Amino acid sequence: MRILAALATVLGSLFLAHPAQSQELVLLETEAFPELGGWLVDQQFMDLMGSPYVLAHGLGEPVPDAVTSTTLPRSGVYRVWVRTRDWVAPWSAPGAPGKFQVVLNGQPLETTFGTEGAQWHWQDGGEVQLSKDVRVVLHDLTGFEGRCDAILLAKDTGYIPPDGGEALAKLRSKHLGWDAAPADGGEYDLVVVGGGIAGTSAAITAARLGVRVALIQDRPVLGGNGSSEVRVWPEGKTNHEPYPRIGDVVAELVRDKGPADGNAKDAAVYDDQRKLDLARAEPNLTLMLEQRVNAASVSPEGRILSVVSQDTRSGKRTRVRGRWFLDSTGDAVLGALVGADYEITQTGHLGASNLWNVDAVEKNEHQLQCLCEDDDPLSLNFTPSDEPAPFPRCPWAVDLSSRPFPGRDGDQAKPDLAKLGGWFWESGFDKDPILDMEEVRDQNLRAMYGAWDTLKNVDQKYPTHRLKWAAFVAGKRESRRLLGDVVLSGEDFRQATPYPDACFPCTWKLDLHLADPKFDQGGSDPFISKAEFGPYTGPYWAPYRCLYSRNVGNLFMAGRNISVNHEALGAVRVMRTCGMMGEAVGMAVALCKQHDCTPRDVYQTHLGDLKRLMQRGAGKAATSTPVEAAGLKPQEADDLDARPVP
């Protein structure tokens, strides 16, 4: 009920990026600033708080300013309100590391922001005399995860803005010119929500089989956990008998793992452009990046009719209609919006990681600091230097000065850099995987900063090293699992339960993560995990009936949100396996279009056709023409394309 209530609260909280000018209030959404400088747009929690925000993710170095301009209704005295929080306050930690200033027309406000309040709220910036034209600057002071949601300028200096809920949603709607009618984004055979490996594989497969596809992704890159933003290397084995062509699309998206590949490597390893180029090469595929689906419409019969996506920068909303829909969001965002049955393991579940790495100071360090327009801060190549790299003390971080952790492990004489920032730096095992995720992500960052503070300032190690990179987008493993006609269990893996609709191979172990007591030592919010593996003989072919909803007639799923129990999730959740789910879904949608049928009908009536498509595969060579690949005669294909979308 907490999740549904939270989603219901924010459905009305959509906004446009233009400054509000109504009743002498001017509301500025920071993610819409035309110059972000070094601040990053963080959309991960916008369904809960009503909008994205910007984050000063500088790893201890202040980031360049974010800048915008606005025109006030008239000059005069205004009260300034800044929506922010002290992000370490939930742990009663001292120091308020996320400090920043707001500078208006070159003059910083006397108030320093990000210094108070565990929850998001409007911090009072006091009164200031302003001319009609105002230049607004966010100036980071620390590089330690300062965050700002919005700035409000009120001519009525006694006005107090609402802190959240429906009142804040109405404020945004009224003062940002939100239009209740979203723009028309067109209609498609298949609407894919979520552009990780699973969703991208499904979109490409379906498009190659003659299906008109919209792929909606809420980040600027594809690949999800396998992108340069999160940097988890996609695992799982592909191309197994009896369907050795299942995995061909995955292989196009993700190359075979080489000796230099793995987690938390340099950005180029994850080859974001490769994925974007493959998607954009498909004429039947429309790619919608930086679009977050946060609303949907359903027919009286329970079929999804459309989704509404919101641009994470401009706030513009777009309605996209479809005949079939795929939820590949990981968190089952679409399924939850439309009332699909799901399960969620509230405690003792897999956590989330924010991977990170360290390296020596570089001779061209200035490039990182200036973030020059021609530089990509995620993929700069550096030359090692012998210059010292001091790091400030972090009293607000997890205190590890007298505790072991991977990379220290009680052996301060020989710490191991390879153990820093790996997959086992994981937290959130007993937190709500939807509602508490900002806190989970922040605990991962507190652990990272605490470890580096200990190594640098307590142990006096690595004098010329610095934190080089850390993910601010959480690499999540478990949340909602949508329920299909089959709910695959761990026992199915151990018993090798055969299914007639086997459609994707699982080769990963039953890999479940628990908090590692070796490093917990009775502390709250554990941040190091250990893996517990349940044995089975692979590959195990999982059934197609895990890939569509049992109660929403035109909803598919692919990725870690498919119809499995908590234990089975440990085997199916790795990305190459998820990509093969997407291939199977793409083929099933082609059959749904051919036969004008439901996902369930594919199993009940057209399973033989699905098996023939799986035997052929969806690689470029196999899908030279959509008609041949889908097994249709030319006239049938013409008739199919002419069929109206309901």
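The values are calculated or read from the model by the stated rules, or taken from the named source; none is laboratory data. Nothing here was measured: the structure is a model prediction, and the numbers come from that model. In this analysis, Cβ positions are derived from the backbone assuming ideal geometry, glycine residues included, and neighbour counts consider all displayed protein chains.
Here are the numbers for the structure shown:
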| item | result |
| --- | --- |
| Only listed residue being surrounded by fewer than 22 Cβ atoms within 10 Å (Cβ to Cβ) and of a type in the set (F, W, Y), chosen from W81, W122 | W122 |
| Residue match in the range 144-152 (condition: over 25 Å from the mean Cα position of the chain (by Cα), assigned by TED's automatic domain parsing to the domain that holds G95 and surrounded by fewer than 20 Cβ atoms within 10 Å (Cβ to Cβ)) | no |
| Criterion violated by T157 - all others in (1) within 28 Å of R446 (Cα to Cα); (2) surrounded by fewer than 20 Cβ atoms within 10 Å (Cβ to Cβ); (3) among the β-branched types (V, I, T) satisfied | (1) |
| Extreme residue, modelled with the lowest pLDDT, among residues of the range 16-50 that are in a loop (DSSP other than H, G, I, E, B) and in contact with an Asp or Glu (Cβ under 6 Å, 6 or more places away or on another chain) | A17 |
| Of the criteria (1) in a loop (DSSP other than H, G, I, E, B); (2) at pLDDT below 95; (3) under 25 Å from Q44 (Cβ atoms), which one V473 fails | (2) |
| Scan of the range 515-550 for residues that are under 18 Å from E426 (Cβ atoms), surrounded by fewer than 17 Cβ atoms within 10 Å (Cβ to Cβ), touching a Leu at 6+ places or on another chain (Cβ under 9 Å) and not charged (D, E, K, R), ordered by number | A531, F533 |
| Matching strands (runs of 3 or more DSSP E) fully within the range 68-131 where at least 3 residues are of a type outside the set (A, V, I, L, M) | 76-84, 121-130 |
| Residue in the range 321-354 that is surrounded by the most Cβ atoms within 10 Å (Cβ to Cβ), counting only those that are of a type in the set (A, V, I, L, M, F, W, C) and farther than 24 Å from G428 by Cβ | L326 |
| Enumeration of residues in the range 423-443 that are outside any loop (DSSP other than H, G, I, E, B) and either in the same structural domain as A56 (by TED's automatic domain parsing) or more than 19 Å from D359 (Cα to Cα) (or both) | E426, S427, M437, E438, E439, V440, R441, D442, Q443 |
| Total residues in the range 457-501, condition surrounded by 24 or more Cβ atoms within 10 Å (Cβ to Cβ) and among the hydroxyl-bearing types (S, T, Y) | 1 |
| Filtered residue count, the range 553-573, keeping only those that are among the basic types (K, R) and over 15 Å from A202 (Cβ atoms) | 1 |
| Residue match in the range 455-468 (condition: part of a helix (DSSP H, G or I), more than 21 Å from the chain's Cα centre (by Cα), of a type in the set (D, E) and more than 19 Å from D331 (Cα to Cα)) | no |
| Helices (runs of 4 or more DSSP H) contained entirely in the range 222-337, each with at least 2 residues that are of a type in the set (G, A, S) and in contact with a Leu (Cβ under 9 Å, 6 or more places away or on another chain) | 333-337 |
| Yes/no for L420 being touching a residue at least 40 places away in the same chain (Cβ under 8 Å) and either more than 19 Å from the chain's Cα centre (by Cα) or in the same structural domain as A558 (by TED's automatic domain parsing) (or both) | yes |
| Residue in the range 216-225 that is of a type in the set (D, E, K, R) and surrounded by fewer than 21 Cβ atoms within 10 Å (Cβ to Cβ) present | no |
| Qualifying residue in the range 516-524 (condition: at pLDDT 95 or above and either of a type in the set (K, R) or part of a strand (DSSP E or B) (or both)) | no |
| Matching strands (runs of 3 or more DSSP E) fully within the range 527-634 where at least 1 residues are more than 23 Å from the chain's Cα centre (by Cα) and modelled with pLDDT of 95 or more | 529-534, 540-543 |
| The listed residue being polar (S, T, N, Q) and closer than 16 Å to V82 by Cα, out of T157, T200 | T157 |
| First in the range 298-327 and under 15 Å from T598 (Cα atoms), second anywhere and modelled with pLDDT under 95, Cβ under 7 Å, 6 or more apart | R323/V645; R323/P646 |
| Condition broken by N239, with the remaining ones in (1) on the phi < 0 side of the Ramachandran plot; (2) surrounded by fewer than 24 Cβ atoms within 10 Å (Cβ to Cβ) satisfied | (1) |
| Enumeration of residues in the range 501-515 that are at pLDDT 95 or above and either touching an Asp or Glu at 6+ places or on another chain (Cβ under 7 Å) or assigned by TED's automatic domain parsing to the domain that holds F429 (or both) | W508, L510, L512, H513 |
